[in-house]
Amino acid sequence: MILARPAPFAGSRTRPFLSEEGACCRVMARSDEERAAPVSPTMLLFRWAYNDPLPRVIIDDLRRLHWTNSAANAELASSQTFADQNGRLVIKTLGQSDAFKQFMEGADMTPSCFCVPAADGNGHMIISCQELAASNRTRYFGLLFRRAGRKEQIRCAALDQAFGLTRAEIRTLTSLLDGSTAEEISHDHGTTVATVRSHIKSIYSKLEVRSREALFHKARPFILDA
């Protein structure tokens, strides 16, 4: 079965879309007869994804763009953090390109997240990533982008009971998930960097993780955006 992307709105860009067989198909204008035909759940799903207000893209392991929704088109056209560079997704934030490349090399079917400081200095961008399929030695990934300002309020539900975190560790974890560094957390909480690093070490130990991406994945089911 070939999955076609729903027709984009006027003014949006058209790019090839990956089918289940690994082929690419371009969006074609639909006739009146096609409009009158029954709408499949698959078509509704892709129309829903295309109209999602959160930027979503599909890339391969070489970071080549295969599909973007309407919000991603707008983000790539105006963002100082991301760009479509000759059909590839690149990060423009200084010093983050290699880190993103390494993150993508380690990505798999387990959802993971990558935090990158926004190039405009206004908070961070959180990239949620999950491998979707593999075909002819090429892997394909779905990415979702969400901006997280440093003042964003994130409520962690039941994390203290689930992992035995202290109140100070919950505050530190909340800031970590918002993309803050140890130095920023120290400044915001009025404590020393050494104390913050001690909290982070304890959090990693209690949640049994070794990276911020793994931490975000482990904590995500408990997070409610305020």
Near pairs, Cβ below 6 angstrom, 6+ apart or cross-chain, from segment 98-109 (in contact (Cβ under 8 Å) with a residue 12 or more places away in the chain) to any residue that is of a type in the set (Val, Ile, Thr): 100/91
Do we find that residue 54 is touching a helix residue (DSSP H, G or I) at 6+ places or on another chain (Cβ under 9 Å) and crowded, with 20+ Cβ neighbours inside 10 Å in this structure? no
Any idea which residue in segment 75-107 is modelled with the lowest pLDDT, counting only those that are closer than 26 Å to residue 51 by Cα and loosely packed, with under 14 Cβ neighbours inside 10 Å? 80
Can you tell me which residues in segment 134-148 are free of Cβ contacts under 8 Å to residues at least 60 places away in the same chain and within 24 Å of residue 50 (Cα to Cα)? 134, 147, 148
Kindly provide the set of residues from segment 126-143 that are crowded, with 17+ Cβ neighbours inside 10 Å and among the hydrophobic types (A, V, I, L, M, F, W, C), ordered by number. 126, 127, 129, 141, 143
In segment 103-123, what residues are over 14 Å from residue 216 (Cα atoms) and in a strand (DSSP E or B)? 117
Using the structure shown, decide if residue 195 is more than 16 Å from the chain's Cα centre (by Cα), at negative phi and modelled with pLDDT of 90 or more. yes
Does segment 164-185 contain any residue that is at pLDDT below 85, in a helix (DSSP H, G or I) and in the same structural domain as residue 64 (by TED's automatic domain parsing)? no
Go through (1) in a helix (DSSP H, G or I); (2) at pLDDT 90 or above one by one and return the number of the condition residue 143 breaks. (1)
For the subset of segment 163-196 comprising residues that are more than 22 Å from residue 124 (Cβ to Cβ) and hydroxyl-bearing (Ser, Thr, Tyr), which member is surrounded by the most Cβ atoms within 10 Å (Cβ to Cβ)? 195
For segment 33-99, list the strands (runs of 3 or more DSSP E) that sit wholly inside it and hold at least 2 residues that are aliphatic (A, V, I, L, M) and at negative phi; which are they? 56-60, 88-91
Sort out which residues of segment 169-207 are more than 19 Å from residue 103 (Cα to Cα) and of a type in the set (Asp, Glu), and write them in order of number. 169, 183, 184, 188
Condition set among the aliphatic types (A, V, I, L, M) and surrounded by 13 or more Cβ atoms within 10 Å (Cβ to Cβ), scope segment 59-74, selection farthest from residue 134 (Cα to Cα): answer is 74
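The values are calculated or read from the model by the stated rules, or taken from the named source; none is laboratory data. The shown structure was predicted, so the numbers you read here are calculated from the model rather than taken from an experiment. When we count neighbours, we look across all protein chains shown, and the Cβ atoms used for this are built from the backbone with ideal geometry, even at glycine.
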